[in-house]
1. Quick one: accessible surface of Asp42, probe radius 1.4 Å, all protein chains present, in square angstrom to the nearest 10.
2. List the lysines whose alpha-carbon lies under 24 Å from that of Lys164, not counting same-chain residues fewer than 8 positions away?
3. Of all alpha-carbon pairs in segment 109-171, indicate the percentage at a distance above 17 angstrom.
4. What dipole magnitude, in Debye to the nearest 20, does segment 146-222 give about its Cα centre under +1 on Lys/Arg Cβ and -1 on Asp/Glu Cβ?
5. Mind ranking Phe190, Phe68 by accessible surface for me, highest first, 1.4 Å probe?
6. What order do you get for 197-207, 50-60, 124-134 when each peptide is scored by the mean count of other beta carbon atoms within 10 Å, highest first?
Amino acid sequence: MALLSSSPSLSITSPNYRYYPSRRLCLYPISATRVVTPHHIDKSSLTISETSSEDQLWAAACLRVRSFHEFKPSTFGIQLLSLPDDDLCAQCKFSENGEDRVVVGTLDVNQSMSLPDEITGMKPEGIEGQFARGYLSNVCVANELHRNGLGYDLVAKSKAVAQKWGITDLYVHVAVNNEPAKQLYMKSGFVYENDEPAWQARFLDRPRRLLLWLGLPGNQNW
C-alpha cells in the first residue's frame, strides 16, 4: 500500500518475491491540520510512501471503507467509521513522530500472475509472468479531495515502484461505468486489453470490468 506524505525519510523498498507480493502505497500530508476540505489541499505538503506501521494500515483501511462503502451508523458495529460530520481528519488519522497525519489516498501494487476473481492479463507470457506482471488495486482518494490530481500522482508513483521491482507489464481493472477512473488510467498511459464476460459480472453481482494494460520501461513493446 502506498501513503502520500511530506516525510522524506519514508521510502518504498523492493519486495522479496516470495514473501512480499504486494505493497500498499498511501498519500498523506505533513500534518492533519494541512488538510483543507472540501475540494482543496496544499499539494506541497504531500508525499507518497509505503505503509510501515499498523496505524498507517488502519488509517488506509478506514479511507477505503469510507470511499468504497456506505454504511448506516449502527451497521456491523463500525461506529469508529461513522463519526459525526464524516470527518476525514478524524477517521483516517495516524500519528508519526508525535504528529498527527491523515491518509488521503491509497492503492496496492501487486506483483503476481493474477488477482482473485479478476480478468487475468496476458503479458508477459510464460514463466516470466510470475515476476514481471503486476496489478494495481484498491485505488482511492478521499471524496473531498477529488479533482486535485492526487489519483494521478498515486498512479505515477506506483509505476515507478513497479519498474523498480522488475515489473514490465502493469494492469488495472476498472468498472465499465466508472468514467472518471477510466479517464485517470488512460491519462496515465493505460490502454484497453480485455473485458470481463457478462456472465462473470452477473455471477459476482458487480458492474462488468475492463482490463487495462501499461508497458513499463524495460518492456520490449514499450
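The values are calculated or read from the model by the stated rules, or taken from the named source; none is laboratory data. From a predicted model like this one, the values you see are computed outputs, not experimental measurements. Glycine also receives a Cβ, built like all others from the backbone with ideal geometry; neighbour counts cover every protein chain displayed. In case anyone asks, the SASA skips ligands and DNA or RNA and just uses the protein heavy atoms, side chains included. Shrake-Rupley method; radii C 1.70, N 1.55, O 1.52, S 1.80 Å.
1. Roughly 50 Å² of Asp42 is accessible to a 1.4 Å probe.
2. Lys123, Lys187
3. 45
4. Around 200 debye, computed over segment 146-222.
5. Phe68, Phe190
6. 50-60, 124-134, 197-207
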